[in-house]
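So the structure is just underneath, and the comments pick up after that.
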Amino acid sequence: MSSRKITIAIDGFSSCGKSTLAKAIAKELDYIFIDTGAMYRSVALYCLRNNLVHNNEINTLEIIDVLPKIDIHFDKNQISGKLEVQLNKEFVEPFIRTMEVSQLVSKIAAIKEVRAKLVEEQQKMGIKGGVVMDGRDIGSVVFPNAELKLFITASPEIRTERRYLELYQTNNTVSKEDIRKNLEERDHLDSTREESPLIQAEDAILLDNSNYTQEEQLQVALELVKKAGGI
Ligand code: DC
């Protein structure tokens with residue numbers, strides 16, 4: 001098969017290592033990596049900063065109203081040297097992984113108008129191919145014609161442990177129990193919402209990485225990219 005730059009869609013439950021895999025594939029193949037969860041998280045951050053959240057509850061109409069004021073883009077951060085999400089021209093990566101944002105983001109991501117705005121942006125970024133995009137609806141909605149679709153999963157215990165290790169670096173008061181609950185809640189909301197729920201696309205390949213190291217997982221994925229004509 002000829003080698004060209006394809007579109008790779010990676011979907012799956014929260015904290016399955018989708019971004020880790022997507023980043024590694026992009027680095028290996030010189031593709032662009034887009035973390036779409038960071039875009040939904042940035043909208044959630046905007047809502048928190050602008051007092052649109054009261055006791056973790058949102059008013060959907062109020063959020064739809066402010067959407068024109070929210071600009072979400074990716075740009076190269078000169079400090080990290082990486083492509084990072086920007087909320088109204090500010091690099092917000094350090095602020096979007098907190099428990100506060102995690103507890104809100106699935107509600108924000110269930111709003112049809114929020115999805116329409118972000119999906120349009122995602123489709124523009126992937127128009128030329130050569131993209132590895134991770135999220136919940138990439139293979140089903142954003143790029144239904146992606147040449148390779150992966151659906152990643154891992155056991156709840158392993159996902160909790162991975163997220164705990166990641167969060168503990170910046171917040172050593174967070175408990176495993178809170179993380180496990182948050183993952184369960186988000187998975188439930190993400191899979192049962194009306195708008196573009198998290199589903200495995202019919203033509204997506206299921207990859208359970210519970211027992212893989214990151215390197216093993218990358219090698220499995222690269223073989224699949226090869227089969228799909230992307231290497
Ligand atoms: O991948 P993540 O955990 O950073 O994503 C944060 C939330 O955003 C997640 O709970 C679901 C939502 N999301 C979505 O609905 N669609 C996407 N394409 C990406 C994320």
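Which stretch or stretches of the range 148-165 have amide N atoms under 16 Å from the point lying 7 Å from GLN214's Cα along the Cα→Cβ direction?
159, 161-165
Can you tell me the orientation of helix 99-109 relative to the chain, as the angle in degrees between its alpha-carbon axis and the longest Cα principal axis, to the nearest 10?
It works out to around 80 degrees.
What does the highest-first list of 29-36, 12-19, 205-212 look like by mean Cβ count within 10 Å?
12-19, 29-36, 205-212
Once phi is turned into θ = phi - 60°, what whole-Hz ³J(HN,Hα) does the Karplus curve with 6.51, -1.76 and 1.60 give for every residue of the range 216-223, x standing for Gly and Pro?
Working through the residues one at a time gives 4, 4, 4, 5, 4, 5, 5, 4 Hz.
Kindly work out what percent of the DSSP beta bridges joining two residues of the chain are antiparallel, to the nearest 5.
Working: 9 of 27 bridges.
Taking every DSSP beta bridge within the chain, about 35 percent pair in antiparallel fashion.
Would you mind checking the tilt of helix 112-125 against the longest principal axis of the Cα atoms of the chain, expressed as 0 to 90 degrees and rounded to 10?
Here the helix axis deviates by roughly 40 degrees.
Which one, LEU198, TYR31, GLY12, is farthest towards the positive end of the dipole of the chain when Lys and Arg carry +1 and Asp and Glu -1 on their Cβ?
Sorting the options by dipole projection puts first TYR31.
Got a number for the accessible area of LYS181? Probe 1.4 Å, square angstrom, nearest 10.
Only protein atoms counted, so the area is about 100 Å².
Using Cα pairs closer than 8 Å and at least 6 residues apart in sequence, work out the relative contact order for the range 98-227, in percent.
36
Quick one: 3J(HN,Hα) in Hz for the range 142-159, Karplus 6.51/-1.76/1.60 with θ = phi - 60°, rounded, Gly and Pro as x.
Per residue, the Karplus-derived 3J(HN,Hα) values read 6, 10, x, 9, 4, 5, 9, 10, 10, 10, 9, 9, 7, 5, x, 5, 5, 5 Hz.
Given a Förster distance of 30 angstrom, what is the FRET efficiency for LYS112 paired with HIS54, based on the Cβ-Cβ distance and rounded to 0.05? Spell out each step's value before the answer.
Working: r = 22 Å, r/R0 = 0.72.
After rounding, the FRET efficiency stands at 0.90.
In degrees from 0 to 90, rounded to the nearest 10, what is the angle of the helix 18-29 Cα long axis to the longest principal axis of the chain?
Result, in degrees: 40.
For the chain, give the magnitude of the charge dipole about the Cα centre (Cβ charges: +1 Lys/Arg, -1 Asp/Glu; no others), in debye to the nearest 20. Don't skip to the end; give the middle numbers.
On the way: 30 positive and 36 negative charges, 103 e Å.
Computed charge dipole of the chain: roughly 500 debye.
Using a probe of 1.4 angstrom, how much of the accessible area of the chain is carbon and sulfur, in percent?
Values: 6040 of 11950 Å².
Heavy-atom surface of the chain belonging to carbon and sulfur, 1.4 Å probe: 51 percent.
Considering the Cα trace of the range 137-204, what is its radius of gyration and what is Dmax, both in angstroms?
Cα-based Rg and Dmax for the range 137-204 come out at 14.7, 43 Å.
Taking amide H atoms as placed 1.01 Å from N in the peptide plane, list the residues 5 or more away in sequence, or in a different chain, whose amide H sits under 5 Å from that of LEU150.
The answer is ALA9, ILE10, ASP11, ILE205.
Please list, in order, the residues from the range 18-53 whose amide nitrogen is less than 20 Å from a point placed 7 Å along the Cα→Cβ vector of PHE95.
35-53
Search the structure for amide H atoms under 5 Å from the amide H of PHE74, placed 1.01 Å from N in the peptide plane, and list their residues when 5 or more places away or on another chain.
Result for PHE74 returns GLN86.
With equal scatterers on the alpha carbons only and no solvent term, can you work out the Debye log10 of I(q)/I(0) for the range 23-174 at 0.16, 0.18, 0.19, 0.20 1/Å?
-1.02, -1.28, -1.39, -1.48
Send over a whole-number figure in Å² for the accessible area per residue of the range 49-164, probe 1.4 Å. Kindly include the intermediate steps, with their values, before the conclusion.
Details: 5880 Å² over 116 residues.
Accessible surface, normalised per residue, equals 51 Å².
Once phi is turned into ³J(HN,Hα) by the Karplus curve 6.51 cos²θ - 1.76 cosθ + 1.60 with θ = phi - 60°, what whole-Hz value does each residue of the range 184-200 show in order, with x for glycine and proline?
Ordered by residue, 3J(HN,Hα) equals 4, 5, 5, 4, 5, 4, 5, 8, 10, 5, 6, 7, 6, x, 5, 9, 7 Hz.
The values are calculated or read from the model by the stated rules, or taken from the named source; none is laboratory data. Note that this is a predicted model, so its numbers are computed, not measured. Here Cβ is always computed from backbone atoms with ideal geometry, including for glycine, and neighbour counts include all displayed protein chains. The area values use the complete protein model at the heavy-atom level, side chains included, leaving out ligands, DNA and RNA. Shrake-Rupley method; radii C 1.70, N 1.55, O 1.52, S 1.80 Å.
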